[in-house]
1. From the list Leu217, Leu207, exactly one residue is over 30 Å from Lys80 (Cβ atoms) and free of Cβ contacts under 8 Å to residues at least 24 places away in the same chain. Which is it?
2. For segment 133-153, check the following and say yes or no: at least one residue is of a type in the set (A, V, I, L, M, F, W, C), more than 30 Å from His83 (Cβ to Cβ) and without any contact (Cβ under 8 Å) to a residue 60 or more places away in the chain.
3. Being among the small types (Gly, Ala, Ser), open to solvent by 50 Å² or more (accessible area, probe 1.4 Å) and at pLDDT 75 or above is the filter here; which residues of segment 119-165 pass it?
4. It is to be established whether one or more residues within segment 202-212 are assigned to a helix (DSSP H, G or I), surrounded by 19 or more Cβ atoms within 10 Å (Cβ to Cβ), of a type in the set (Val, Ile, Thr) and under 13 Å from the mean Cα position of the chain (by Cα).
5. Can you say whether Ala236 is within 12 Å of the chain's Cα centre (by Cα), outside any helix (DSSP H, G or I) and at pLDDT 95 or above, as far as the supplied structure shows?
6. Kindly provide the set of residues from segment 166-180 that are crowded, with 18+ Cβ neighbours inside 10 Å and part of a loop (DSSP other than H, G, I, E, B), ordered by number.
7. Select from segment 54-75 the residues that are open to solvent by 80 Å² or more (accessible area, probe 1.4 Å) and more than 17 Å from Leu166 (Cβ to Cβ) and list them in ascending order.
Amino acid sequence: ETSLEQPVNLIKKKTVGYQNDFNDSRSPNLSLSKEVIAECCGLQEDVNFNDPLFKKQATFDPSTSLLRPIQEAINLARDKNTHVEIEAMGEKQGFIIMPGGDKIYVDLNKPFIRHYGLVRKMYSAEEQKAPKITPVSISSVESAQRYPQHGCFMHSSCTVLWQVALWSSLGRLPNSVLPDKPVAIVAWPNFTRLTITPHAIGMASILIKDAISPLELARHMQIPQRYVFAFISTLASLGLLVDKPSVETDADLLPKRKSGGIFESILRSLKLN
């Protein structure tokens, strides 16, 4: 049996907050337009899980987008404590990851980034080669001149990964996440620096407390799958998503304590003496 056939122990309350009254024609948060929401969550209609086309239409491979190169470059910048450059689709200095991997210098408004997020193959049709990841040796003085820390192009790595995950997902689920298996989040996302897609806060409030499958979450909140799948994709890109059994299963796995305990055992032994 899949988790869809098993009731999830959730508080049956209407989702609290402004996103409860979300309308596709506008966004109640950050004034996102319908077009921007479509860029982040796509326009995919719900797909029946039992449909043979579900995997093709409702999932994607993160390694075919810019997500994987960015994650690899961040790890390299962290391990080597150096600047790392990503060159993709002929765009030199498209992404510059700062030493330590916490900051990325990039113009997120460049159309090529959104376009690359839409392609399904790792290699661009024009160049047939993967993004080039290169460590770059730059002095701190030169780095400060080239990449102003407080400029409009300097972003948190989390912000970049989150946004690229949205453009790559387009409302589809990462192929590493099973749509009918419970998941949860290990920490609350820092929404102050992230694009808040429809119902994201409501979904986070559930996933931080309970484990639930992506399909069941969409059904429970009565929202389109694309909003859930897009949000799951962003969580996975930041490593916030974890596989987790249901609450009932967690309780069943806990060792059963015997009545009394160590102090009662000590008292019993003293009485015997």
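The values are calculated or read from the model by the stated rules, or taken from the named source; none is laboratory data. If you're wondering where the values come from, they're calculated on a predicted model, not measured in any experiment. As a convention, Cβ positions derive from the backbone with ideal geometry for all residues, glycine included, and neighbour counts pool all protein chains shown. Please note that ligands, DNA and RNA were not included when accessible areas were found on the heavy atoms of the full protein model with its side chains. Shrake-Rupley method; radii C 1.70, N 1.55, O 1.52, S 1.80 Å.
1. Result: Leu217 is the single residue among Leu217, Leu207 that is over 30 Å from Lys80 (Cβ atoms) and free of Cβ contacts under 8 Å to residues at least 24 places away in the same chain.
2. Looking for residues that are of a type in the set (A, V, I, L, M, F, W, C), more than 30 Å from His83 (Cβ to Cβ) and without any contact (Cβ under 8 Å) to a residue 60 or more places away in the chain, one finds none in segment 133-153, hence no.
3. Ser137, Ser139, Ser140, Ala144
4. For segment 202-212, residues assigned to a helix (DSSP H, G or I), surrounded by 19 or more Cβ atoms within 10 Å (Cβ to Cβ), of a type in the set (Val, Ile, Thr) and under 13 Å from the mean Cα position of the chain (by Cα): absent.
5. Considered against the rule, which asks whether it is within 12 Å of the chain's Cα centre (by Cα), outside any helix (DSSP H, G or I) and at pLDDT 95 or above, Ala236 comes out as no.
6. If the condition is that a residue be crowded, with 18+ Cβ neighbours inside 10 Å and part of a loop (DSSP other than H, G, I, E, B), then Leu170, Gly171, Arg172, Val177, Pro179 are the ones that fit.
7. Once the filter is applied, which keeps residues that are open to solvent by 80 Å² or more (accessible area, probe 1.4 Å) and more than 17 Å from Leu166 (Cβ to Cβ), segment 54-75 yields Lys55, Lys56, Glu72.
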